[in-house]
1. Which of the trypsin sites (Lys or Arg not before Pro) across region A:51-96 are loop residues per DSSP, with 12 or fewer other Cβ within 10 Å?
2. For A:VAL273, enumerate residues with amide H under 5 Å from its amide H, sequence gap 5+ or separate chain, H modeled in the peptide plane.
3. If the viscosity is 0.692 mPa s and the temperature 37 °C, what translational diffusion coefficient in µm²/s does Stokes-Einstein give for region A:144-229 when Rh comes from Kirkwood over Cα pairs?
4. With the cut-off at 1.5 for a/c, could you classify region A:235-383 from its C-alpha gyration tensor as rounded, prolate or oblate?
5. When each copy gets a label point 7 Å from Cα toward the beta-carbon at A:ARG547, what are the spacings between them in nm, shortest first?
6. Can you give the alpha-carbon Rg of chain B over 2.2 N^0.38 Å, where N counts its residues?
7. Take the alpha-carbon positions of region A:462-575, form their convex hull, and give its projected area averaged over all directions (one quarter of the hull surface) in nm².
8. Mind checking region A:522-597 for trypsin sites (Lys or Arg not before Pro) that DSSP puts in a loop (not H, G, I, E or B) and that have at most 12 other Cβ atoms within 10 Å?
2 protein chains.
Amino acid sequence: MLLNERDFQFLLYEFLDTQALLERERYAEHDRAVFDATLTTARQVAAEFFAPHNHKGDHNEPTFDGERVSLIPETKAAWDAFANAGFLAAHHDFADGGLQLPEVLLRACMAYFNAANIATTGYPFLSIGAANLIKSFASSELQQRFLPAMFAGRFSGTMALTEPGQGSALGDLRTRAVPASDGSFRVFGQKMFISGGDHEMTENIVHLVLARIEGAPAGVKGISLFVVPKFNVNADGTVGPRNDVALAGLLHKMGYRNTTSTVLSFGERDGAVGYLVGEANKGLAYMFQMMNEARIGVGLGAASLAYQSFLHALDYARERPQGRLASCKDPLTRQVPIIEHADVRRMLLMQKAYAEGSMALCLYASSLVEDSHTGGTEQSRGDAAQLLDLLTPMVKTWPSRYGLMASDLGIQILGGAGYTREYPLEQLYRDNRLNPIHEGTESIQALDLLGRKLGLKGGRGYALFLEKVGYSLQQASSLDECAPLGQRLAQGLAVLQDVTASLQLQVAAHADLGLSNATAYLDLFGRVLVGWVWLRQAILAECALQRGVVGDEGDFYRGKLHTARYYMEWELAPLTGIAQLLCAGNSACHDMQGRWF
Amino acid sequence: MLLNERDFQFLLYEFLDTQALLERERYAEHDRAVFDATLTTARQVAAEFFAPHNHKGDHNEPTFDGERVSLIPETKAAWDAFANAGFLAAHHDFADGGLQLPEVLLRACMAYFNAANIATTGYPFLSIGAANLIKSFASSELQQRFLPAMFAGRFSGTMALTEPGQGSALGDLRTRAVPASDGSFRVFGQKMFISGGDHEMTENIVHLVLARIEGAPAGVKGISLFVVPKFNVNADGTVGPRNDVALAGLLHKMGYRNTTSTVLSFGERDGAVGYLVGEANKGLAYMFQMMNEARIGVGLGAASLAYQSFLHALDYARERPQGRLASCKDPLTRQVPIIEHADVRRMLLMQKAYAEGSMALCLYASSLVEDSHTGGTEQSRGDAAQLLDLLTPMVKTWPSRYGLMASDLGIQILGGAGYTREYPLEQLYRDNRLNPIHEGTESIQALDLLGRKLGLKGGRGYALFLEKVGYSLQQASSLDECAPLGQRLAQGLAVLQDVTASLQLQVAAHADLGLSNATAYLDLFGRVLVGWVWLRQAILAECALQRGVVGDEGDFYRGKLHTARYYMEWELAPLTGIAQLLCAGNSACHDMQGRWF
């Protein structure tokens, strides 16, 4: 059971207009059949090589004997299948050996891999990100040395940001880089929570390491980005001797277990050979470009796991007979499937709203990435980039919070069975629990939204968002069933606008106090944003129903419309109460003193 | 780190008047020193025999080789220490070998064991419950045969309700009992999710089994309760040959791992010898009396784990330096402990509100159990019983839902560290995840509240609740800091009253529709109830501060008062929006059709 094909067709070709990408020059050689075949391939590779060892990888996590890291062998088979299908380079140019496929389609493909086995998918996910960084910012010499092997799957990659002493505060990192006479650097320091940081699946591992060149400014302005391979690579691309990068140990996680999480030591002997990417002291800017896309990836991962939790719980709820409705007092009647109980339907509705809403949101964000790269005009590319910049904190956190709730609800729907490892729900939850943490915690995203993103480019992203929601509200107003949904969303939007205006003044007046409720604001913004995502789905659904679709198709659209109704009625209901606190500048969290706890 | 002693003194002797129990005849031989020594003993035994293997038991769960169940040996040492300290019989009469100690004090003791190791505590917890059932309802002959060994810890006990085919729907259970010529019965059937259902720590295991005597009515009215021991017990109390009870297998849980969760087969050969407890067909009523107390126990377990999650996160947040406040732009300044970040304080405040609020709620409920047994007048005993009956669904579910959130927030505060098994947070979460499920899921509790409890005895419990909250609101109104908190709670209470009146009419008019939002109602009631619990704590705190307490004591009370402020402002904020949906009889969940998913 991997995602819902019908929904993906809806999301890609109705909710989004992926077909229209074929008109862009970059995709002129493709057609819809190529897109469909790509998605089919992803689904097949995911089903054949990733899903079967999802539970096994959880149960047999990577081990380190002091010399070597061992993974279950299915992991490498999955890596190879992913690489052989061309997914490691799929968005790159034909000229570079890529398939020149659009971002939004490939994100949908990644959703299938995530759904099948998010831990094993961690390896290609990180490798793609590392290669993107090299492709975007490294010299052509570095590109030639590393990229062909990374695209082919002979080398994998990592993102080495976090250190034991600084966690989320990247500006304080202490890993240092010393210039060497040949133009390379010697890197010294320790990195922590480096996913995929060691294993033997590939000939080499290419670490993208943030470090401070000796003498560079303190804080975020003195951070540079380096390529530091596990094995040195000769100029001709062949693998040389071991670099001075050592695995200090593995971390043992709650979930996501088949992805090694490592502590890496650079320069325990004479310094790890590293190559500067781009210019000195611009490393954080480079990394952030990458992290923004990685953040959509985290949202997508959360959405994928939420989606699986929903489908498994739905399947169970349809099959499992238990109890009777309150109105039935006769114990001799048959038990009903638990989906007949309203409270189980409530939980399934929440799951559907969270899972499908998250997936739609992440694919929408991916379409903005696409538009920011290949949109037809500079204006359209710029607009897509501004809007994406604004929305990224919600795209990362909303699925991570609510998708996790969908996984939690999946356990609850199954009850005792959901709590056992004999069913997949509890692993889905444990895997999903990472998503509110990595690539910037929820707190960090909230500060980014309120303290930075809202005001970028004169608030252009926010203005675009209001404009787009306004357009959907107008569409909804002429439809019978969507009109009241639009009215509820319009109320939510008005609340969001009031709160936004108030908080911007508060932040300007007193940064610490003004930002102290940033996470509540992030949540409020996310709820309205996903309300819009659901309204758009509802509009499409009502139009389809007006066209007279029936049977399974009718049920599909009716389900979209009804879930949108549930969302507008229940998920927007708490906004007003919270908004009053935000507008009043509630200081309960700010005022609390550490010694009072 | 086990709970907070200071808070327990506050809860037992300020928030509750445990001292006053000494005036009751049953406790006349005790004094405050005995109570304090009992709590100290619990803390010491928990710290010495339970806490040290909490992680080990999680990591080395029970195994079954087809013949025998193996547990880590520390489990039996803990069981013995618990029994030797007298806790298995502590609330029973001196005459029966008990310590005749009050319920509320012993629940506080149980909180220490839960906090130290909830999985190992499962064995005595269930055994105490099983012994209580025998003591309350079984013949004196059965009592004499089983209770001395159970009180001494030679026999343990279980509650065997659930079957594979019926889950929560007890009325459909199929285990059957056939009368034997000697007055005993032969029991046939399978039970599932039986905690502590097999192990070799004790000489015998006494299963309390729900089964249907052949020919009994269908549904809940035909269920009887049986004692079915693992080994037959001779009339003189010596252990005889193996009874026809077999372990069919162990279940493998997400957490709570050191408690065996079993599938048991009764009567695979010629029938398991069972002894009827009390009268035929009254088994469910007997079991429910027990389950109501077990439900407080589940709430208390959730509260204990939440409390540990809070204390661990607090400790980490005070020690861990990371980042700077938004107002500080100088990267050369020192990093601050993360407790200085407002969003970390928000999470800690939520944890404190949930953990301490849950604990206070559960100890309050325990004091009602106490009063229902030993209150001075029939009226006071009856009132305590009515109020307890009403509140039990919230006492079980509020800590299970919000305490679990406190555990979740603990992971989030630690970030990547919280996600690793190198820190205790993720296990606390996994252990705590069971609590919204066992002893009646949240859905079941919600139906119980709205469909049954509200209307019992003409709504006497509800009237008592309103009266008690009204009294606290009046107290608050004359205090400077509590007055505005009381006003917010009064608004919440008014909302609750409106919703309650509306839903009772809705349920009367259309049971299925009226009950379809029962869980949202349960949550709303729980929020108001815990608001009252926090207001009462705040009133005590403000009075203490008025008396001029300073230093650590001042901080303690200031923390209580500020947490109450946080709670009233933030946790009650969403009520109005949800109440509107409830009063309007929102039918989104009721109307959803299975085929639309």
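1. Numbers: sites: A:LYS56, A:ARG68, A:LYS76; in loops: A:ARG68.
Filter output for region A:51-96: A:ARG68.
2. A:VAL187, A:ASP244
3. On the way: Rh = 13.7 Å.
In µm²/s, the coefficient is 239.
4. On the way: a/c = 4.47, a/b = 1.90, b/c = 2.35.
Because a/c hits 1.5 or more and a/b fails to exceed b/c, region A:235-383 counts as oblate.
5. The answer, with the shortest distance listed first, is 7.4 nm.
6. Details: Rg = 24.4 Å, N = 597, 2.2 N^0.38 = 25.0 Å.
Dividing the Cα Rg of chain B by 2.2 N^0.38 Å gives 0.98.
7. On the way: hull surface 28.9 nm².
That works out to 7.2 nm².
8. Working: sites: A:ARG527, A:ARG536, A:ARG547, A:ARG558, A:LYS560, A:ARG565, A:ARG595; in loops: A:ARG547.
Passing sites in region A:522-597 are A:ARG547.
None of the figures in this text is laboratory data; all of them are computed from the coordinates on show. Predicted, not measured: the structure shown is a model, and the values here were computed from it. Neighbour counts run over all protein chains shown; Cβ positions are idealised from the backbone, glycine included.
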